[in-house]
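Structure record follows, encoded as structure tokens.
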Amino acid sequence: MIQFLHEAWQGLPPVVSHALPIACFLGLAGGIAVAIFLPRFARALAFSLIGLTLMIVMGVAAMHVTHPKWLSPSAGAHRSTWLALIGLILAGAVVQWVMMRPADEGGSNEVRPS
């Protein structure tokens, strides 16, 4: 496994191998900062990202079985795809924010009764 990871790292272009550790550190630092300063938002965003990840993984698995041509490399990722993904993340975070109790009301993740 270590040899495979080493070969994968060596196969990266020089620009990527230089920028990847910096990007990982900035992502980690940003996530920690959000968790410290905006804990409720961090919780809502985490739930949204987990749900969207499950939705994408299961959707791709279902498309692989039902419509494999939809997964062809020619489909590509366009700007509208990324905007839709960001919109889904934000919509999920808003729903989670509304349904979450504030930490000072007990701190649990239970849904509020309507």
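Set the Förster radius R0 to 41 Å, insert the Cβ-Cβ distance between HIS64 and LEU38 as r into 1/(1 + (r/R0)^6), and round the FRET efficiency to 0.05. Write out the running numbers ahead of the final one.
Working: r = 37 Å, r/R0 = 0.91.
Given R0 = 41 Å and the Cβ-Cβ separation, E is 0.65.
In terms of overall dimensions, the C-alpha atoms belonging to the range 1-74 reach 44, 35, 26 Å along their principal axes, ordered largest to smallest. Going by neighbour counts of Cβ atoms within 10 Å, the residues SER17, SER48, SER80 line up, fewest first, as SER80, SER17, SER48.
Every number here is computed from the coordinates shown, using simple stated rules; none is lab data. Keep in mind it's a predicted model, so treat the numbers as computed, not measured. Reconstructed Cβ throughout: ideal geometry from the backbone, glycine too, with neighbour counts over all protein chains shown.
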